[in-house]
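The structure under discussion appears below in the form of structure tokens.
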Amino acid sequence: MMITIISFIARLLNNKTRDKRFIKRLATLLLIITGLFSSVYAVEVISSSEKPILIPLPKEVKWGEGQFIVDSKTVIGVGSSMDEKRIGEFLQQELKDIYGLNLEIVSGKRLYREKKTILIGKPENNPLVNKLCQERNIFLTEKKIGREGYVLLVTPKEVMVTGNESQGIYWGIQTLIQLLNSTGEKKIVIPTVKICDWPDFSFRGVHLHFRGVKDNSFAKNLIKNVLAKYKINTVVLQIEESLAWRSHPELGGSLTPESLSEIVKIAKNNFIEVIPEIHSACALQSGFRKGFHLDLAEEPSPPYVNYCFSNPKSYKILFELNDEVIEIFRPFGGFRYFHIGHDEITLRGGKPGSCPRCKATGKTPAQLFAEDVKKHYEYWKKKGVKVMMWHDMLVKGAGTGHGGPPFNIADSLPLIPRDIVICDWHYGPECPSQIEYFQKKGFKEVIGCTWRNPYNIWNFTNKAKRANALGMLNTNWVPAKSGHFWGFFHIIYHADCTWNSGRRPPSELPYDPAEEYRIAMERKPVKKEDAGLQFTVDLSPYCNRSLKDNYKFSGWAARGPKYDLKTFPTGRIRLKGILFDIAKGEKNVVMLKGTLIPNLPKKVRGIKIGKKAKKLIFLHSCAWPTAEKKLVGYYRIFYKNGGTKKIAIPLRYGYEIGSYSSFWGIKKAKLVWRGKMESGDSIGIYAFIWNNPFPEQIIEKIDFLGMETPASPALFAITGIKP
Ligand SMILES: [Zn+2]
């Protein structure tokens, strides 16, 4: 309606026969009309003064009024240390790569208060940081923020990131980067805020497996763009089967030592500690499988799980591999911890202590195992390196306790050195932590290890926090290469939980880790959709279903009123900066037939658009879940003058669309709303943004077509972005 009024008046104004006085009066009228209209409009639209979502959630955040504007005249003012200069260069590079802004770095006598400066450094190294801390009563106490904490201050005049140590300052810069909001014209806006932040755990690790990995580019991107961005401070690299060993090419793979060096370098440059891992059993196993060193195989026939614990030749080979790792790490100052693996050695046919040589010793498998661990431990102790190992062979019983009969390896526990770091892994949602068990047995450093289940990460991290564990290690068992792109997004949630545990349960996350992961890996600026260019589509003539359900099960998902979508707002609403028009009244949604909701049309044709758009934003969901990647439906786009030209947009479950009750992992859509059902369960609604390849053509209409899967697709709104 608004557009009709404006175009009508514009047409009148264009008419040259009208006199100037008339135009003036008309202009006034236009102002009154728009004024009236926008006030009505404002009532309808929910305010979108949303603050940026920070991940991990900082400990103390105080938002202010106003903003700091970064433009080409802003400078980065760094302290005198090499680290501070490096951090300044890192920020400079990020601003250049992502926002196309090239800022100058200044230090020493070139630091002026008058300039708009992003100040970086410790107070003792940067006089302007020192001054600002004094003026603002900011005292960096070791006790509160520690080594990894930071204070970030944004005022309209200046930005400051400071801390006790470089690592903390670097984490502060990562938070600052999350606050940047591009306006699109080489200008970035940062909301004013004061953040004081520090982590819950001193060990926040990610384990990466390199089986079959030849190329280091994915691992490097992941470390730089995800691990560092979300303040992970340790990465464990499991390499026994993947490194091209110089001393034993028959054991490894094709990841060159140079490639490994590059990974270590990237990690170190991002203040991330690296822990190499050689699972000793796997190291020799890969040789056995190819027919090498079979004299050392504990089991007489395949699958050859273990090497002989009683044969000194086993250790000669394993320690040669260790020596190579030491050489690779030497230019980077070595490493503090080494992970020896040692999990699951009785699984898949493993029979430790069964060979004639081992039997002749008269020792139990547990005693042989303990001696084996001690040989590795002694090797590393001489080099000043602490050993880490998986926990499972040291416990008996259900779940991950693999130390039970018949080999009873868990009996070795009293013989295991107490300064070995135990990595206690459990991957189920209700993970039974054994951290306290190992602590009671005298192990001071115990780490909880998770994988990708959100409740596994949430529950275990909170248990580990209560047990005062050293930290958390998120293990990843898909190889660290690009074909497994989506195997790693849960790392972001792990990072959030380990920095600030107990704050964001999976179902109440204000973000989807999959979306964050995609954005982080793509390294593109996140731009808000221009409010002035948005137009909505009236879907009310096509709506066939209510968001409300009843006990006849004829609404929403046919699951009853407790599990419906009545809490989702209707009308003109703004979600994450996007204006949507959701039909009010009895029918609010266009839903298609599914195997669970059969009494609906299989397709809805001819949804009228009649406009040009550079993007279309579909606010949609599924009434029920289905298998990941399953095609649940598609949109067919028809162009007005394109004759037969039409485009199909596939809707794959977990990619472009998800169920309203899914709370994470929708990989190509944007979480725009989070709420609760009457049952108290959390729900989330996602928008899928489609880039139109033909923005110059008028989109005449859209067909919405279903595939009759269990997941009935449902369309709430379509918003266009004008070219
Ligand atoms: Zn043996």
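A few remarks follow.
- Subset of the stretch 228-286 [more than 26 Å from Y377 (Cβ to Cβ) and among the basic types (K, R)]: K229, K231, K265
- Applying the condition of being in a loop (DSSP other than H, G, I, E, B) and polar (S, T, N, Q) to the stretch 636-691 and asking which residue is surrounded by the most Cβ atoms within 10 Å (Cβ to Cβ) yields S661.
- If only residues of the stretch 275-287 that are out of contact with any Gly (no Cβ under 8 Å at 6 or more places or on another chain) and away from the ligand (no atom under 13 Å from the Cβ) are counted, the one that is farthest from G205 (Cα to Cα) is G287.
- Residue match in the stretch 432-440 (condition: surrounded by fewer than 19 Cβ atoms within 10 Å (Cβ to Cβ), in the same structural domain as V387 (by TED's automatic domain parsing) and touching an Asp or Glu at 6+ places or on another chain (Cβ under 7 Å)): no
- Subset of the stretch 118-148 [closer than 16 Å to V193 by Cβ, under 30 Å from the mean Cα position of the chain (by Cα) and not β-branched (V, I, T)]: L119
- The set of residues in the stretch 316-359 being touching a residue at least 12 places away in the same chain (Cβ under 8 Å), more than 30 Å from E262 (Cβ to Cβ) and within 16 Å of the ligand (Cβ to nearest atom) consists of I345, T346, G349, G350, K351, P352, G353, S354, C355, R357, C358.
- Residue under evaluation V387, criteria (1) free of Cβ contacts under 8 Å to residues at least 60 places away in the same chain; (2) within 9 Å of the ligand (Cβ to nearest atom); (3) buried (at least 17 other Cβ atoms within 10 Å of the Cβ); (4) of a type outside the set (D, E, K, R), criterion not met: (2)
- Residues in the stretch 296-315 that are among the aromatic types (F, W, Y) and part of a loop (DSSP other than H, G, I, E, B) were compared, and the one that is nearest to the ligand (Cβ to nearest atom) is F309.
So that you can scan it fast, the table gives a plain yes or no per residue for (1) over 27 Å from W425 (Cβ atoms); (2) touching a strand residue (DSSP E or B) at 6+ places or on another chain (Cβ under 8 Å):
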position: T183; (1), (2): yes, yes
position: I188; (1), (2): yes, yes
position: V193; (1), (2): yes, yes
position: D200; (1), (2): no, no
position: G205; (1), (2): no, yes
position: F210; (1), (2): no, yes
position: V213; (1), (2): no, yes
position: A219; (1), (2): no, yes
position: I223; (1), (2): no, yes
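- Subset of the stretch 125-148 that is free of Cβ contacts under 8 Å to residues at least 40 places away in the same chain and of a type in the set (D, E) - its residue that is farthest from E104 (Cα to Cα): E142
- Counted residues, the stretch 692-723 - those being in a loop (DSSP other than H, G, I, E, B) and under 20 Å from K603 (Cα atoms): 6
- Residue list for the stretch 212-250, filter: within 14 Å of I328 (Cβ to Cβ), aliphatic (A, V, I, L, M) and in contact with a Ser or Thr (Cβ under 9 Å, 6 or more places away or on another chain): L243, A244
- Any hit, the stretch 231-254, residues being part of a helix (DSSP H, G or I) and either away from the ligand (no atom under 16 Å from the Cβ) or closer than 27 Å to I169 by Cβ (or both): no
Quick grid of which residues meet (1) out of contact with any Asp or Glu (no Cβ under 6 Å at 6 or more places or on another chain); (2) surrounded by fewer than 24 Cβ atoms within 10 Å (Cβ to Cβ); (3) at pLDDT 95 or above; (4) not charged (D, E, K, R):
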position	(1), (2), (3), (4)
P249	yes, yes, yes, yes
T256	yes, yes, yes, yes
S259	yes, yes, yes, yes
S280	yes, no, no, yes
K313	yes, yes, yes, no
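- Going through (1) within 16 Å of the ligand (Cβ to nearest atom); (2) of a type outside the set (S, T, N, Q); (3) within 37 Å of the chain's Cα centre (by Cα) one by one, C423 falls short only on (1).
- Each residue in the stretch 510-531 was checked for being over 22 Å from N221 (Cα atoms) and either small (G, A, S) or in contact with a helix residue (DSSP H, G or I) (Cβ under 7 Å, 6 or more places away or on another chain) (or both), and 1 of them qualify.
The values are calculated or read from the model by the stated rules, or taken from the named source; none is laboratory data. Just so you know, these numbers come straight off a predicted model, no measurement behind them. FYI the Cβ positions are ideal-geometry reconstructions off the backbone, even for glycines, and counts take in every protein chain you see.
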